[in-house]
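All remarks here apply to the structure that follows.
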Amino acid sequence: MNELHYLTLSAGLTFVMVITASLIRNRAHTPRGAIQAMGNRDEVLTATPLSGRADRAALNMLENLVIFTALLLSARAAGVASTLLTQAAALFFFARVGYFGVYLAGLKVIRSALWGVGVAAMVMLVYGTFSV
């Protein structure tokens, strides 16, 4: 796989995170929640600790995906070596997969460490861009 595959997977992961957060928040696993999830959501249900974590994780992924995408495409346009691009993109994607799982589980320190790994992947792209 190359960096664009990982970018596509990251976008897909973002979609899964947003949908998961919505389903958890609306309790879509219940009949009433399923109706709520398919409706206009004029009356938003109160967040549970889990749904709050899912919402925050999804929002954080959206914020980071914007930055990651800009850095990846800039690095690619600058001619950064494909190996570095792929490694950084894979590192970002897998860190974010882990981040989502541990955030839902409420594991604070591990969550922050995985967030840091994702940031390190973005720093790799910045470094690569300015090293060309």
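The values are calculated or read from the model by the stated rules, or taken from the named source; none is laboratory data. Just so it is clear, the model here is predicted, and its values are computed rather than measured. Ideal geometry is used to build each Cβ from the backbone, glycine not excepted, and the neighbour counts take in all protein chains shown.
If you check LEU72, LEU84, LEU59, LEU45 for being in contact with a helix residue (DSSP H, G or I) (Cβ under 7 Å, 6 or more places away or on another chain) and either basic (Lys, Arg) or within 19 Å of THR14 (Cβ to Cβ) (or both), only one passes: LEU72.
Just checking, how many residues over the range 1-27 are within 29 Å of THR69 (Cβ to Cβ) and either touching a strand residue (DSSP E or B) at 6+ places or on another chain (Cβ under 6 Å) or in a loop (DSSP other than H, G, I, E, B) (or both)? Total satisfying the criteria: 3.
Looking at ARG25, ARG32, ARG56, which one is touching a residue at least 12 places away in the same chain (Cβ under 8 Å) and more than 30 Å from TYR127 (Cα to Cα)? Can you show your working first?
Numbers: ARG32 fails: touching a residue at least 12 places away in the same chain (Cβ under 8 Å); ARG56 fails: more than 30 Å from TYR127 (Cα to Cα).
None of the others qualify; the one that does is ARG25.
Of all residues in the range 31-78, those being surrounded by 11 or more Cβ atoms within 10 Å (Cβ to Cβ), among the small types (Gly, Ala, Ser) and more than 17 Å from the chain's Cα centre (by Cα) number 7. For the condition under 24 Å from ARG96 (Cβ atoms) and either touching a Lys or Arg at 6+ places or on another chain (Cβ under 9 Å) or without any contact (Cβ under 8 Å) to a residue 40 or more places away in the chain (or both), ASN64 qualifies. Considering the range 29-62, and only residues there that are assigned to a loop (DSSP other than H, G, I, E, B) and of a type outside the set (Val, Ile, Thr), the residue that is modelled with the highest pLDDT turns out to be ALA47. Taken over the range 116-132, the criterion of being buried (at least 18 other Cβ atoms within 10 Å of the Cβ) and polar (S, T, N, Q) is satisfied by THR129 alone.
Determine whether ASN26 is modelled with pLDDT of 95 or more and crowded, with 18+ Cβ neighbours inside 10 Å.
Details: modelled with pLDDT of 95 or more: no; crowded, with 18+ Cβ neighbours inside 10 Å: yes.
So ASN26 does not fit the description; no.
Restricted to the range 79-115, and to residues there that are within 13 Å of the chain's Cα centre (by Cα) and among the small types (Gly, Ala, Ser), the residue that is surrounded by the most Cβ atoms within 10 Å (Cβ to Cβ) is ALA89.
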